[in-house]
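Notes follow the structure.
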Amino acid sequence: MDDLIAGYRRFRAAGWPERRRVFQTLAVDGQRPIALVLGCVDSRVDPGMIFDAAPGQILTVRNVANLVPPYAPDAAYHGTSAALEFGVRVLEVPHLVVLGHGMCGGVRALLDGAPATARDFVAPWMSLAEPARRRALESAPDDLQRACEHEVVKVSLANLMTFPWIAERVAAGSLTLHGAWFAIYSGRLTVLGPDGTFAPVGA
């Protein structure tokens, strides 16, 4: 906790004075983010840093392996789905980005099995991505981990379209879905194209 408090103090000394007006405007006028980014909880993959976003610019939803579950409005608890509903139906974001990344521990658990200490929730959660595992194995790529990470992004994009209020907005042109993948080691971002492949974003 000491490191976090020290970081807060640095923010109050340097970050807050620079951005006080932005925060106060957001407090008074509310937020109008330009995108919802659904990323992984991995501490090395910060969507705000990757996209150099200012406060209020992006709504960030993070879970293990950037997974979107299928639409299922029942009595269970649906944190990711609730965040999607808030971003899409309440804040009406025009863009929704599924951001995968390299060296994803959730994808590793999907391929190799979850560690013994992560079987209460991680293992069943990652079973949502079983189609990604199958497709990656069938394609027999040189880099199975990366191929599966790409396929997980595609699974999440497909599951987004099971939400009727997302599919309606996509059809109407008021919401655009995007897939992306970030390489931790190189800092490179690739985006999913219409042909189903990921291509690098130019510097």
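Conditions tested, residue by residue: (1) over 22 Å from Gly48 (Cα atoms); (2) buried (at least 17 other Cβ atoms within 10 Å of the Cβ).
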site	(1), (2)
His150	no, yes
Pro164	yes, no
Gly173	yes, no
Tyr185	no, no
Leu192	no, yes
Thr197	yes, no
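Being part of a loop (DSSP other than H, G, I, E, B) and without any contact (Cβ under 8 Å) to a residue 24 or more places away in the chain is the filter here; which residues of the range 73-95 pass it?
Going residue by residue through the range 73-95, those that are part of a loop (DSSP other than H, G, I, E, B) are 73-78, 91-94.
Within the range 73-95, Pro73, Asp74, Ala75, Ala76, Tyr77, His78 qualify.
Which residue, of Ser186, Ser156, is assigned by TED's automatic domain parsing to the domain that holds Ala53 and touching a helix residue (DSSP H, G or I) at 6+ places or on another chain (Cβ under 7 Å)?
Of Ser186, Ser156, the one residue that is assigned by TED's automatic domain parsing to the domain that holds Ala53 and touching a helix residue (DSSP H, G or I) at 6+ places or on another chain (Cβ under 7 Å) is Ser156.
Return a yes/no flag: does the range 158-173 have any residue that is of a type outside the set (A, V, I, L, M) and free of Cβ contacts under 8 Å to residues at least 24 places away in the same chain. If you could, list the steps in order and put the result at the bottom.
Quick first cut of the range 158-173, residues of a type outside the set (A, V, I, L, M) only: 159, 162-165, 168-169, 173.
Checking the rest, the ones that are also free of Cβ contacts under 8 Å to residues at least 24 places away in the same chain come to 168, 173.
Checking the range 158-173: at least one residue is of a type outside the set (A, V, I, L, M) and free of Cβ contacts under 8 Å to residues at least 24 places away in the same chain.
Residues are listed down the side, and each one gets a yes or a no for (1) surrounded by fewer than 14 Cβ atoms within 10 Å (Cβ to Cβ); (2) of a type in the set (Val, Ile, Thr):
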residue: Phe51; (1), (2): no, no
residue: Ile58; (1), (2): no, yes
residue: Thr80; (1), (2): no, yes
residue: Leu84; (1), (2): no, no
residue: Leu99; (1), (2): no, no
residue: Gly105; (1), (2): no, no
residue: Asp112; (1), (2): yes, no
residue: Val122; (1), (2): no, yes
residue: Glu130; (1), (2): yes, no
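Among helices (runs of 4 or more DSSP H) lying entirely in the range 1-72, which contain 1 or more residues that are in the same structural domain as Ala180 (by TED's automatic domain parsing) and under 19 Å from the mean Cα position of the chain (by Cα)?
Hits in the range 1-72: 47-50.
Taking the range 1-37 as the search range and keeping residues that are of a type in the set (A, V, I, L, M, F, W, C) and more than 30 Å from Val98 (Cβ to Cβ), which one is surrounded by the most Cβ atoms within 10 Å (Cβ to Cβ)?
Of the residues in the range 1-37, the ones of a type in the set (A, V, I, L, M, F, W, C) are 1, 4-6, 11, 13-14, 16, 22-23, 26-28, 34-37.
In the following step, the residues that additionally are more than 30 Å from Val98 (Cβ to Cβ) were identified as 1, 5-6, 13-14, 16, 28.
Working: Met1: 5, Ile5: 9, Ala6: 10, Ala13: 9, Ala14: 10, Trp16: 12, Val28: 7.
Looking at the filtered set, the residue picked out is Trp16.
The values are calculated or read from the model by the stated rules, or taken from the named source; none is laboratory data. This is a predicted model, so every value here is computed, not measured. When we count neighbours, we look across all protein chains shown, and the Cβ atoms used for this are built from the backbone with ideal geometry, even at glycine.
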